[in-house]
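Working notes for the structure below.
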Amino acid sequence: CTLAQEAMAITVAARCATLRVPEDRAQPGGRQLEIPIAWVPSSAKRAAPDPVFMLAGGPGQSALDAFPAVAPAFRDVLRQRDVILVDQRGTGRASTLSCPQTLEDEHWQSTAVVDPAIARDMTRACLAEIKGADPRRYTTNDYVADLEAARAALGMAQINLVGVSYGTRVALEYLRRHPAQIRTVVL
């Protein structure tokens, strides 16, 4: 596949797939999610066995969509290691959850202070729009479990994490839960 970011000329060749995971791990037979994964191959004849997982920001940023903009920063990494991108559930191509109106919309940008009642009403309206998904299952804990499932499915004993913005929190939580699977962490 080709990774691209809207309005940018940079594209990145990758191998893309999806990983099927339960929305609620306590109910493995329930609703399933397709988590997008992209494998950006190293230019080495034989890549190191411990790839780099780039954890995007947000929460809510798609790693697959964000990578082309930061790909030049990974040029030296890609000489030795593959880079793996796993979208956060609810973002990008990963069972996207989005609200019809948010406080980031143009109307609200000019408002210095937003009435909490308005924010609460907008949140309720958004939750009413989300059909079939359980928003309680789109958390950092769930993303860490998805990352671990991706690592295991790809057969990697250890990985390196590069966390950007919100991704730093995800990296720290992954490190706390799965220290034996980590070689390095860059925040």
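Some values worked out for this structure:
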{"item": "Counted residues, the range 105-118 - those being surrounded by 12 or more Cβ atoms within 10 Å (Cβ to Cβ) and modelled with pLDDT under 75", "result": "1"}
{"item": "Matching residues in the range 47-81 - criterion: being aliphatic (A, V, I, L, M), outside any helix (DSSP H, G or I) and either out of contact with any strand residue (DSSP E or B) (no Cβ under 7 Å at 6 or more places or on another chain) or over 14 Å from Thr184 (Cβ atoms) (or both)", "result": "Ala47, Ala48, Ala56"}
{"item": "Only listed residue being part of a helix (DSSP H, G or I), surrounded by fewer than 11 Cβ atoms within 10 Å (Cβ to Cβ) and at pLDDT 75 or above, chosen from Arg151, Arg169, Arg176", "result": "Arg176"}
{"item": "Residue selected from the range 19-46 under the condition in a strand (DSSP E or B) and without any contact (Cβ under 8 Å) to a residue 40 or more places away in the chain, by the criterion nearest to Leu154 (Cα to Cα)", "result": "Arg20"}
{"item": "Residues within the range 3-18 that are part of a loop (DSSP other than H, G, I, E, B) and more than 16 Å from Ala71 (Cα to Cα), tallied", "result": "0"}
{"item": "Answer from Gly92, Gly132 - the residue that is at pLDDT 75 or above, open to solvent by 30 Å² or more (accessible area, probe 1.4 Å) and either in contact with a helix residue (DSSP H, G or I) (Cβ under 7 Å, 6 or more places away or on another chain) or not in a helix (DSSP H, G or I) (or both)", "result": "Gly132"}
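The values are calculated or read from the model by the stated rules, or taken from the named source; none is laboratory data. If you're wondering where the values come from, they're calculated on a predicted model, not measured in any experiment. Every residue, glycine among them, receives a Cβ derived from its backbone with ideal geometry; neighbour counts consider all protein chains shown. Calculation scope for accessible area: heavy atoms of the full protein, side chains included, ligands and nucleic acids excluded. Shrake-Rupley method; radii C 1.70, N 1.55, O 1.52, S 1.80 Å.
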